[in-house]
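The values are calculated or read from the model by the stated rules, or taken from the named source; none is laboratory data. Keep in mind that this is a model prediction, so the values were computed, not measured. No Cβ is skipped: glycine too gets one built from the backbone with ideal geometry, and neighbour counts run over all protein chains shown. Surface accessibility is based on the protein's heavy atoms, side chains included, excluding ligands, DNA and RNA. Shrake-Rupley method; radii C 1.70, N 1.55, O 1.52, S 1.80 Å.
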Amino acid sequence: MSGGKSKTVLLVFTVASCVLTLAFAITGEVLRGAVYGGTLPVAVNLAFGAAERLLLTVTAVCLMLTFGYTKALKPGISGGIIASVAGAAVAVANFPFVCMAQGLLGITASGGEFALFIVYCISVGLFEETAFRGFVFPLVLEKTGNKKYGVFIAVIVSSALFAILHLLNLAQGASVGATALQVGYTFLVGCMCSVIMIATGSLLVPVIVHAAFDVGGTMTSLGVAAGSHWNTPSIIIMAVVGTLAALYLAAWFFRHSDRALRLLPDREE
């Protein structure tokens, strides 16, 4: 397929996925207000949310392909095993094992609802990683240049935009304090996933880590569990694991940030 035709196909897919996403969002809001009296059932909410994010993933991948940012789409982990383990450790520490073991948190969803919840978390990881790490990061990096500070700026900007996206939760009734906290930790998660992508040269591990982090962190907010997610022991565990992971990833980044350049396309002069 010629370059012109392939770009036309990508444009068609991009527009179609955006239109379908909007259609799902409008349908969900209509159902919420007209059928369910303001609150969607857990399964319906998860199904619509997953569908919207999978369609947005198509949009993000089409943008990556259009701009030539295809290298991160190849699965890989070579050279980034310890960075991947650090990210996985943070995701595991975010899971409420302690609170569940102490009876402070319990699963309330059915098996089918929990399966939908897993699919939803995977869809979030796919969309947000392809959009912000797969597309926004190299887009910014091409503008900031190949020096160390340029890579640093690309990490900060792509992570900040990812974090700011979560301000939309205010429109869904979230409190200002909870939203501010979410913006803060999503920025840190974005930085972590950016470094993992640079280390591995692939979006594979960031998507897995992101999805696993969301599985542990959104069970109560998405209605599949009830109770307390955090207590003193779980906070201590996350603080220790998060600090150690951050120290390692920061040290790795400042030694090897030039690896980010391998994610950029080989542009013709």
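Details
- Condition broken by A163, with the remaining ones in (1) more than 15 Å from A245 (Cα to Cα); (2) under 11 Å from the mean Cα position of the chain (by Cα); (3) touching a residue at least 40 places away in the same chain (Cβ under 8 Å) satisfied: (3)
- Given (1) open to solvent by less than 50 Å² (accessible area, probe 1.4 Å); (2) in a helix (DSSP H, G or I); (3) among the small types (G, A, S), index of the condition G33 fails: (1)
- First in segment 95-107 and surrounded by fewer than 17 Cβ atoms within 10 Å (Cβ to Cβ), second anywhere and of a type in the set (F, W, Y), Cβ under 8 Å, 6 or more apart: I107/F114
- Residue identified as open to solvent by 20 Å² or more (accessible area, probe 1.4 Å), of a type in the set (A, V, I, L, M, F, W, C) and not in a helix (DSSP H, G or I) among L222, L188: L222
- Residue list for segment 46-67, filter: over 15 Å from the mean Cα position of the chain (by Cα), open to solvent by less than 40 Å² (accessible area, probe 1.4 Å) and among the aliphatic types (A, V, I, L, M): L46, A51, M64
- Scanning segment 154-187 for residues that are more than 23 Å from N45 (Cα to Cα) and modelled with pLDDT under 80 yields one hit, G177.
- Scanning segment 78-106 for residues that are of a type in the set (S, T, N, Q) and part of a helix (DSSP H, G or I) returns a single hit, S84.
- Within segment 162-183, not a single residue is buried (at least 21 other Cβ atoms within 10 Å of the Cβ), more than 24 Å from A50 (Cα to Cα) and of a type outside the set (G, A, S).
- Residues (touching a helix residue (DSSP H, G or I) at 6+ places or on another chain (Cβ under 6 Å) and aliphatic (A, V, I, L, M)) located in segment 69-87: A72, I77, A83, A86
- Residue among L261, L222, L247 that is at pLDDT 95 or above and not polar (S, T, N, Q): L247
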